[in-house]
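Comments concern the structure below.
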Amino acid sequence: MSKHGKFRFINYGGSYMLRLETADDLQALPLLDEPFWIATSAPIHHLRCDQTFLAFLDHDSDGRIRSDDIRRAYGWLSQRLANLDGLTHASETLTLSHLAPTPEAAALDRAARRILSNLGKSDADHISLQEVRNHQAYQARGEYNGDGIIPPDAIEDDEELRTFAADIIATVGGSVGINGILGIAERDLAAFLKASNEILAWRARSDADSSEHGSLFPLGEATAAAHARLNSLREPVDLYFRLCQLTAVDQMLGRSTIVPPSTATIQDTATTIDESLLAAPIAAPTASEVLHLDEPVNPAYREALAHLVSDVLQPVLGENWSASRLTAAEWARVKETFCVYESWLGAKSGGEVEKLGPEKLQSYLAGPLPERLRHLIKADEAVGVELSVVKDLEHLLLMQRWFMQLANNFVSFHDLYNPKQRALFEMGRMIIGGRVFNLNLQVKDINVHSALAAESGILLLYSEVTCADKSKTFYVVTPVTSMTLGRLKNERRGVLFDLDEQEWDVRVVKVLDNPISLWDAILKPFKRVIESIANAFNRIVSGTEKQLDTSLTQSFTEVEKKVTGTVAESTVSTPAPAAAPAPAPPPPPPPLAPAAKPGAPAPARPTAARDWMLSGSVAVAALGSSFAFVTSRLAELSWKEHGHKILIVVAVGLILILVPTIIISWLRLRKRNLGSLLEASGWAINAEMRVTRRLAKVLAPRLKHPAGFLRIRKDYIRLFARQAKESGSTAKRDATSDP
């Protein structure tokens, strides 16, 4: 139980939440069913706290924290801490006497005291998160970093052992440690020793077989080279004798051998020619199954055949063999000569270390170097066990620092409703259009979020947040919960101060319109009517202006054509006088259009100005007649006798219009729900989280000048205008009096 004797649920705007005031209140977590949690699941990227702490809570690494993760973390914490005062104060320093009397806590105590001893603080009874992390970084850079991998360069005082480690890497390879350096792990040492034993055993078998049978190396030291020559021509010579057998069968059956066509129609490059030569037989097949070495052979194999004769055929077949011809039986005997050697080669293992030589390998196996290297590896692995405990020590300190705050942002939302606190999922404070908005949530996809958040009933601003580094751009949603929308609209700019007080540029990119206040909700229908009338009037005026402009342009064009034609005719018909002509009188004004007779048709092209004036006159007349009608009806009534009736009629009319509007607006405002914003961002929310009048002012407060500032209401523009007027009058008097 808590120190109050009972766990308390506090009312936050109509939502009851568990009050987590001290670490003792966390005892309610195992007892509290999920329906009483404000949130049961949340995405990690919304929580602004230590990432190592969040990774520790995210047990299954799916990027989300659930209620089971919170309970598991609290159970882990309870096994290691007996005194939870550090959680209440969110301390980053652990008092070792607060550890529980459990094996897990004892291991943490040993690791902490080892770190303190290394720092020269053996008598200290507390350790900080910074000290633990500095020690982890120091060990990660040291010779022993806990990964069980020893780099050769880390063996500074033993040249022989360092050479042994380098030979292991050069033959069987190594492993990359956590510091990115290649070194020797236990598996690498075991692989080297296994390969060394196998290659030495294989060579020992060759010595025994040679002494007993003498057939393992038929050509002595030249066996390996001769076998390589044999393998280089084994396939083409085998193919030749197979073709000879096919030729003999074809002759026996009286048929001709079908020669496959060339793969290249035109062989005009060295590559295609070489491919064609290698695809051709080594010589022309004969039914006698004899390869005539003194006759023309395929040029691609000529040199190799010469080496085969001198290095393989002559030594194996002996001096009595004729070097001019090779039969199929002789070729089979040559291949059989190397069968034992080939079988021995097939059994070879450990060849990767063969290049070190049998003497060096034998010295490594018989000497103390493997055991000394194994000792270093085991020592490094022991450090790894200690470092794993140090990692748990870091987790314990992070839990002490952040767990209480996370619970107040998960089990309950105390920090969200408290103006003096900042919830872990808030992005900071936005200042835009002379307004301050305290609640700003990060969103990934504006369109998806706005579609889901429409149920909130709140006017929402979606903004792009940027800085000099454009790769850090992100988006936020801001609920506007008080006052009016004012000048807040698309492309409006402002700034955001994040939780670290870093300043970001803000640009509004989308507005999800909803009523902000009761007064705003009442006026909204009237505003829409006024906007509709204004838009209609603007369309009429725009169309009239366009028609007027077109009509005037056509009229002036026709006048210009007539004037130009008249001047041209007078120039052609009148001869040029000897003397300068007198100036021509101005042309007479155009005759006025005759008045239209009653019943006569309208002119063919009425001017746009007249249409505009007529339409305006009709509108003014309509309004005037309506006003006159209402005035005349009211004038017929005696104010003394019927005045109160008039007021009652007007009041009833207003009530019939406003009361339903007020009720509907009040109901809509009462349904505003912050939970929909979080649900649209991936949270699982249980509470309604209604936006009350007080909460609305907390999220979007009205600005006040700080204490100590004096607000002068006098309009200084009026003063400046008077000074400018007086200055102008003085200048005028000076100009008048100047001789």
Looking at the stretch 126-139, is at least one residue part of a loop (DSSP other than H, G, I, E, B), modelled with pLDDT under 90 and farther than 25 Å from residue 79 by Cβ?
no
In the stretch 435-448, is there at least one residue being at pLDDT 90 or above, crowded, with 17+ Cβ neighbours inside 10 Å and among the aromatic types (Phe, Trp, Tyr)?
yes
Positions within the stretch 350-370 being modelled with pLDDT under 85 and surrounded by fewer than 16 Cβ atoms within 10 Å (Cβ to Cβ), in sequence order
351
Of everything in the stretch 486-504, what is assigned to a loop (DSSP other than H, G, I, E, B) and either surrounded by 15 or more Cβ atoms within 10 Å (Cβ to Cβ) or touching a helix residue (DSSP H, G or I) at 6+ places or on another chain (Cβ under 8 Å) (or both)? Give them in sequence order.
488, 492
Filter the stretch 672-711 down to residues that are in a helix (DSSP H, G or I) and under 23 Å from residue 486 (Cα atoms) and give me whichever is most open to solvent (accessible area, probe 1.4 Å).
694
Where a residue in the stretch 12-38 is of a type in the set (D, E, K, R) and its partner, wherever it lies, is open to solvent by less than 20 Å² (accessible area, probe 1.4 Å), with Cβ under 6 Å and at least six apart:
24/2; 25/2; 34/67
Would you mention how many residues in the stretch 150-192 are part of a helix (DSSP H, G or I), touching a residue at least 40 places away in the same chain (Cβ under 8 Å) and open to solvent by 30 Å² or more (accessible area, probe 1.4 Å)?
2
Counting only residues that are among the charged types (D, E, K, R), give me the strands (runs of 3 or more DSSP E) lying completely in the stretch 436-485 with at least 1 of them.
459-466
Being surrounded by 16 or more Cβ atoms within 10 Å (Cβ to Cβ) and assigned to a loop (DSSP other than H, G, I, E, B) narrows 285, 296 down to just 285
Selection over the stretch 505-539 where residues are surrounded by 13 or more Cβ atoms within 10 Å (Cβ to Cβ) and at pLDDT 75 or above yields a count of 11
Taking only pairs six or more apart or across chains, which ones have beta-carbon atoms under 9 Å, a first residue in the stretch 545-565 that is of a type in the set (Ser, Thr, Tyr), and a second residue that is loosely packed, with under 11 Cβ neighbours inside 10 Å?
551/605; 555/605
Looking at (1) crowded, with 18+ Cβ neighbours inside 10 Å; (2) in a strand (DSSP E or B); (3) of a type outside the set (Phe, Trp, Tyr), which is the one condition that is false for residue 10?
(1)
Any helices (runs of 4 or more DSSP H) falling wholly within the stretch 32-89 and containing at least 1 residues that are exposed (fewer than 14 other Cβ atoms within 10 Å of the Cβ) and modelled with pLDDT of 90 or more:
51-57, 67-78
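Identify all residues within the stretch 460-479 that are farther than 13 Å from residue 508 by Cα and open to solvent by less than 10 Å² (accessible area, probe 1.4 Å); write none if there are none.
none
The values are calculated or read from the model by the stated rules, or taken from the named source; none is laboratory data. Just so you know, these numbers come straight off a predicted model, no measurement behind them. A quick note on method: Cβ atoms are made from the backbone with ideal geometry, for glycine too, and the neighbour counts reach across all protein chains shown. Surface areas here come from the heavy atoms of the whole protein model, side chains and all, with no ligands, DNA or RNA. Shrake-Rupley method; radii C 1.70, N 1.55, O 1.52, S 1.80 Å.
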